[in-house]
1. Distance from a point 7 Å along Cα→Cβ of residue 214 to each backbone N in region 181-202: keep the residues under 11 Å and list them by number.
2. Tell me, how many Å apart are the Cα centres for region 299-345 and for region 141-205?
3. Compute, for region 20-128, the length of the dipole vector about the Cα centre, with Cβ point charges of +1 (Lys, Arg) and -1 (Asp, Glu) only. Units Debye, rounded to 20.
4. Taking the Cβ of residue 259 as the centre, find all other residues whose Cβ is under 14 Å away and add up their charges (Lys, Arg: +1; Asp, Glu: -1).
5. Rounded, prolate or oblate: pick one for region 269-428, where a ≥ b ≥ c are the square roots of the eigenvalues of its C-alpha gyration tensor, a/c under 1.5 means rounded, and failing that, prolate if a/b is larger than b/c, else oblate.
6. Return the loop-located chymotrypsin sites (Phe, Trp or Tyr not before Pro) in region 136-196 (DSSP other than H, G, I, E, B) with at most 14 other Cβ atoms within 10 Å of their own Cβ; answer none if there are none.
7. Given a Förster distance of 45 Å, report the FRET efficiency between residue 543 and residue 354 from their Cβ-Cβ distance, rounded to the nearest 0.05.
8. Would you give the gap between the C-alpha center of region 2-24 and the C-alpha center of region 392-414, rounded to a whole Å?
Amino acid sequence: MADPSSYRPKPGQIPDSPGVYRFRDEHRRVIYVGKAKSLRQRLANYFQDVASLHPRTATMVTTAASVEWTVVSTEVEALQLEYSWIKEYDPRFNVKYRDDKSYPSLAVTMNEQYPRVQVMRGPKKKGVRYFGPYGHAWAIRETVDLMLRVFPVRTCSAGVFKRSAQIGRPCLLGYIGKCSAPCVGRVTPEEHRELAEDFCDFMAGRTGTYLSRLEQQMHDAAEEMEYEKAARLRDDMGALRRAMEKNAVVLADATDADLIAVAEDELEAAVQIFHVRGGRVRGQRGWVTDKVEAVDTAGLVEHALQQLYGEEKGEAVPKEVLVPALPEDTPALSQWLAERRGAQVSLRIPQRGDKKSLMETVHRNAQQSLALHKTKRASDLTTRSRALEEIAEALELDSAPLRIECFDISHLQGDDVVASMVVFEDGLARKSEYRRFQIKSFEGQDDVRSMHEVVSRRFRRYLQEKLKTGEWSPEEGEDPLAEDDGRPKRFAYPPQLVVVDGGQPQVAAAKRALEELGVDDVAVCGLAKRLEEVWLPGEDDPVVLPRTSEGLYLLQRVRDEAHRFAIQYQRNKRGKRLRSGPLDEVPGLGESRKQALLKHFGSVKKLRQATIDQICEVPGIGRKTAETLAAALAGAVPAGPAVNTATGEIIEDETPAHAGTSFERGTEQ
């Protein structure tokens, strides 16, 4: 590894102007390309103390052996040159989006004498009109099949077209009216091209004018008593409307926009793009990429814009580009997009209305894409086996951890502190073994104490099960743990590996809990979210697994599942607490009798004012229960006035003070 100071340029050598720079390794290969408004200021950031740099940036500068730069006159030129160099050199430390599949587009070959409608994949060709991309080729074919009734454009290959011209007989589509048969001269080249242009106009979103024209022609034919022609035009309109229905209207009819959303974690990012033309979603595509450089959401958006529009021109670049975060050089990017479109392009974050709602949908798609990507990697048997072997090797375990348990703590500012335990066996989630815990030994926020308590309780139950089966006997004077409470066996199987969500403190707490119980055959590690490093007990430095490690992917999935399960339980518990009322505190009062009391008296306020004899009138309520209830309500502090959260109006307490009300009481926010 090179010392960055060995190739650091002198401050006076670096110009204070816009430009693009390249880091090269010892073999002269370009490993990173970047751009800057000021080369001097940007490059100075790379030559700080290596320990203060982001780990990925530190890896890059220590891998590099030299740096060079090219000065340009404007930031737009820097953007263009950066894109060209990334494409040319394919640097290993630059984020590069690659499709996980080739998305098909609907293409019309306007560069041919007789334009053809077809499904196309791969790089775009000059003179061809493209619509999409679509998620599936069959979606294109269904749309084309409906539209050929109205726009009978050629769809056959060059060989079929040539053969039909030779024999003077069209193919089947020509006979059934779904091709105008230019191969046998039924229409002239000019008439066929006009059909293709109408097809393109309709697909581009200019649908209203054409449908109005068809409707007028239908009425004219009916008035002239040409009923067969009118019926055919009616059916043509129905076919076009069905084709339009395949792309639901999501924005105003005149809207042409691309919406870009990003879902990311420490190691990977998923990008989803919705293409909206004429107010309808015409296509969708997405990528998943490794975050090989230190980049935030705005940086990921900038890379996505370069990837999307680097080879596009004209209408392929929409009027609006909606993004989740604006890149640092937004004016330069907007100008670059405008140059590629040949007209002004709006680059902005949607703030309200339909566009913001659609952006949320695109973001959910990005999140699902990232989750699916991780799940696919974890579902394959060979991949799971390799992941377990990598974990065993990295943590120096005697064998692969076939059962992994992960613990996570969740709370809201110290309230409703809970924990989760999730179980993975053979690399797959075993949801029937998941468990939830309430923190009982103390109140307040202390993740380390909470982790110690939860791990202790889990393995205390494990030792209880071993004690029952005779597999374990306590030493003389040792606490036999606890008596049998009659519950089913839930913790009878020990894991080979315990994973905790956190760093050194949480790992130390879990290890201490195991040692206190005498459990010495279970390995412990922690996965810290910040840089996804793996911590081991008693170690000052973490174990860093490679970004592409299947073992790291499995640990991440286990940790994320524990986090999800803990948050779900914590939210449910908090919601139940906020919805509870005074009757929930009365011992021995079940749900049925609570409902009977509220139905009889109408509200807790009236119930509090009732005498014991009046309470006894409620079916199912005996005198002893009535006395307990009256004492409990008398000792309870009445809540503050009910407030309608929509209007701010103070309302008399005539409603049941139990779950499901739409009011907030007092200061319980």
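Where a number appears in this text, it was derived from the coordinates with a stated rule and is not lab data. Source: prediction; values computed, not measured. Ideal geometry is used to build each Cβ from the backbone, glycine not excepted, and the neighbour counts take in all protein chains shown.
1. 202, by backbone N distance to the label point.
2. That distance is 36 Å.
3. Computed charge dipole of region 20-128: roughly 300 debye.
4. Computed value for this residue: +4.
5. Prolate, since a/c reaches 1.5 and a/b exceeds b/c.
6. In loop regions of region 136-196 (DSSP not H, G, I, E or B), there are no sparsely surrounded chymotrypsin sites (Phe, Trp or Tyr not before Pro).
7. 0.40
8. Region 2-24 and region 392-414 have Cα centres spaced 43 Å from each other.
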